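Data block below; observations after.
The values are calculated or read from the model by the stated rules, or taken from the named source; none is laboratory data. Remember, predicted model here, so these are calculated numbers, not experimental data. Here the Cβ positions follow ideal geometry from the backbone for every residue, glycine too, while neighbour counts run over all protein chains shown.
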């Protein structure tokens with residue numbers, strides 16, 4: 001017995017140290033590769049495999065693993081240290097900085113909340129239309145903000161609406177018998193009839209939003225109201241006063257602070273009807289799926305799009321075919337089709353196929369609970385007050401940035417870059433950085449040029465407030481809180497790996513190994529690539545997956561004499577379809593944390609969404625993608641590179 005217990009203790013220690021063992025053993029076990037074959041190809045392959053294993057296993061943080069090529073390439077003589085360093089900061093990094101500045105302004109001044117509530121008000125409170133409304137606003141926000149930020153913004157609003165639907169359901173005589181649904185650890189669900197007082201239940205399920213107020217001496221938690229535990233998380237409330245509300249309902253928001261509950265018992269999630277539980281599941285999943293769909297639409301919508309754009313433009317500098325406009329024209333129809341089909345799929349899976357009942361806009365068909373929910377949404381919108389000056393400025397910058405991106409080089413007509421003599425100097429990053437720079441200068445309060453004599457003779461306290469009149473729209477501290485520096489380093493690591501594969505000749509060697517696949521039709525190669533990356537990304541991070549696969553698929557396309565865009569664009573889009581598990585991407589984890597879902601729900605719904613995504617992307621690349629990117633022929637810019645590498 002003692003020997004067995006010692007073995008168990010040893011195994012537990014080894015399991016705890018598994019990441020450290022992986023970090024040490026993987027490089028040592030692969031070390032014979034560059035030692036036995038001291039060539040540039042073998043050394044580059046060693047660095048590539050070690051980095052890929054670190055990324056997939058997440059034995060070290062992604063950003064840290066991305067630094068491996070920075071010291072191994074110079075040690076093995078693949079690239080000089082200065083050459084590797086140059087790969088870690090590219091044009092797309094500047095583009096990301098500009099976009100994050102605009103996103104910071106949107107979040108700081110609550111423009112995203114106004115957009116979301118307005119779109120939901122238009123959709124109404126019928127379950128089907130409510131889900132569609134939330135999906136539309138999530139897709140729109142995710143085009144410009146990160147998928148994770150969008151989900152974190154929209155989900156609390158959706159949760160408030162869901163709680164309103166549940167708590168007003170008792171007074172609705174048309175609803176079915178009330179039940180309490182408690183998900184257990186083994187996945188079973190217990191149903192018990194119960195009768196609760198409406199007012200008591202309302203107090204139990206209200207949503208709490210916390211803000212972090214920064215003082216000179218310390219940070220204090222403040223809350224909008226006092227509520228009980230929700231979704232297993234304890235909401236701490238301090239006695240400090242709530243910050244002064246400005247004219248758009250904006251509070252000095254910094255971050256949401258949630259403290260893990262000290263009670264180990266799982267909270268009971270109470271639903272008045274089984275239908276209520278299905279609505280909660282459907283709406284929760286629709287938000288994470290819509291965030292993924294919205295991220296496909298723009299180059300800056302998700303990090304995988306940025307990685308593709310930079311690696312493609314670095315590998316094929318003569319192509320000049322991927323920019324904001326061409327990507328949007330290709331991906332926007334994909335997003336619309338996926339949005340509609342995903343909504344249909346989730347509706348049928350959780351709400352049934354009676355669209356007439358769940359999607360009717362007629363006021364006569366509305367139940368009491370739906371009217372109460374619409375009233376709650378209306379009240380939340382009215383709390384924002386009229387559109388404030390910072391919101392107006394942010395909205396103008398938002399529209400201006402989009403227009404300048406579209407009109408830079410639209411393709412069918414000369415863009416505004418034709419006004420300059422030197423061509424090729426201006427990119428999308430130029431526009432985003434210019435507008436981002438202005439956000440640090442423009443005052444967040446409307447300047448008062450003329451003041452009456454009485455207004456000048458104000459008290460010292462009021463004069464102190466007036467000194468903030470020139471405070472900018474955003475500050476560097478605001479920007480720092482949203483800037484994903486880990487993604488910047490991760491993208492740079494991908495560029496470094498690609499550069500090493502090209503210089504060492506490893507990409508040519510990989511291409512020769514893939515020559516037996518020349519007999520396959522192009523659409524088959526693309527479909528296999530889509531299915532492969534869709535499966536891998538369920539367990540590995542999206543940026544790491546696309547960084548590993550892009551150089552391989554580029555070489556494969558050149559070997560098979562296929563336009564590289566024919567395989568790279570579908571693979572880039574399909575790598576975002578890791579939606580079957582909570583670990584697939586951060587939005588999935590955020591939605592899963594609200595405890596409305598079980599893993600089986602995510603797997604079942606995610607499989608359908610994954611299938612829809614692959615089919616729609618394949619349809620797009622074989623129809624309107626072909627004339628847009630001229631995919632029917634092997635381009636000169638790829639042919640030149642292939643000939644150079646072969647020689």
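Just one residue in the set 356, 369 is at pLDDT below 85, touching a helix residue (DSSP H, G or I) at 6+ places or on another chain (Cβ under 8 Å) and part of a helix (DSSP H, G or I); that residue is 369. Consider residue 500 carefully, then state whether it is modelled with pLDDT of 80 or more and out of contact with any helix residue (DSSP H, G or I) (no Cβ under 6 Å at 6 or more places or on another chain). Spelling it out, it is not the case that residue 500 is modelled with pLDDT of 80 or more and out of contact with any helix residue (DSSP H, G or I) (no Cβ under 6 Å at 6 or more places or on another chain).
Exactly one residue among 147, 110 is within 25 Å of residue 397 (Cα to Cα) and touching a helix residue (DSSP H, G or I) at 6+ places or on another chain (Cβ under 6 Å), and that residue is 147. When each of 374, 379, 421 is tested for being surrounded by fewer than 13 Cβ atoms within 10 Å (Cβ to Cβ) and farther than 28 Å from residue 473 by Cα, the lone residue that passes is 421. Residues being farther than 30 Å from residue 120 by Cα, surrounded by fewer than 17 Cβ atoms within 10 Å (Cβ to Cβ) and within 29 Å of the chain's Cα centre (by Cα) are represented in the stretch 391-408 by at least one member.
Please verify whether residue 51 is touching a residue at least 40 places away in the same chain (Cβ under 8 Å), surrounded by fewer than 23 Cβ atoms within 10 Å (Cβ to Cβ) and either outside any loop (DSSP other than H, G, I, E, B) or touching a strand residue (DSSP E or B) at 6+ places or on another chain (Cβ under 9 Å) (or both), treating the condition exactly as stated. No, not satisfied.
Of all residues in the stretch 451-496 being under 30 Å from residue 47 (Cβ atoms) and part of a loop (DSSP other than H, G, I, E, B), which is modelled with the highest pLDDT? Taking the candidates together, the pick is 483. Under the condition of being crowded, with 17+ Cβ neighbours inside 10 Å and closer than 30 Å to residue 278 by Cα, the residues counted in the stretch 589-635 number 19. Taking the numbered list (1) without any contact (Cβ under 8 Å) to a residue 40 or more places away in the chain; (2) over 36 Å from the mean Cα position of the chain (by Cα) in turn, residue 34 passes all entries but (1).
Out of all the residues in the stretch 636-646, is one or more surrounded by fewer than 24 Cβ atoms within 10 Å (Cβ to Cβ), modelled with pLDDT of 80 or more and touching a helix residue (DSSP H, G or I) at 6+ places or on another chain (Cβ under 6 Å)? Among the residues of the stretch 636-646, not one is surrounded by fewer than 24 Cβ atoms within 10 Å (Cβ to Cβ), modelled with pLDDT of 80 or more and touching a helix residue (DSSP H, G or I) at 6+ places or on another chain (Cβ under 6 Å), which makes the answer no. Which ones in the stretch 585-596 are at pLDDT 80 or above and under 20 Å from the mean Cα position of the chain (by Cα)? Passing the criteria: 587, 588, 591, 592. Residues in the stretch 91-136 that are at pLDDT 80 or above and outside any helix (DSSP H, G or I) were compared, and the one that is farthest from residue 294 (Cα to Cα) is 109.
Among the residues that make up the stretch 539-558, is at least one of them buried (at least 24 other Cβ atoms within 10 Å of the Cβ), at pLDDT 85 or above and under 25 Å from residue 339 (Cα atoms)? No, because not a single residue in the stretch 539-558 is buried (at least 24 other Cβ atoms within 10 Å of the Cβ), at pLDDT 85 or above and under 25 Å from residue 339 (Cα atoms). Of all residues in the stretch 54-75, those satisfying the criterion of being crowded, with 16+ Cβ neighbours inside 10 Å, at pLDDT 90 or above and assigned to a helix (DSSP H, G or I) are 68, 69, 70, 72, 73, 74.
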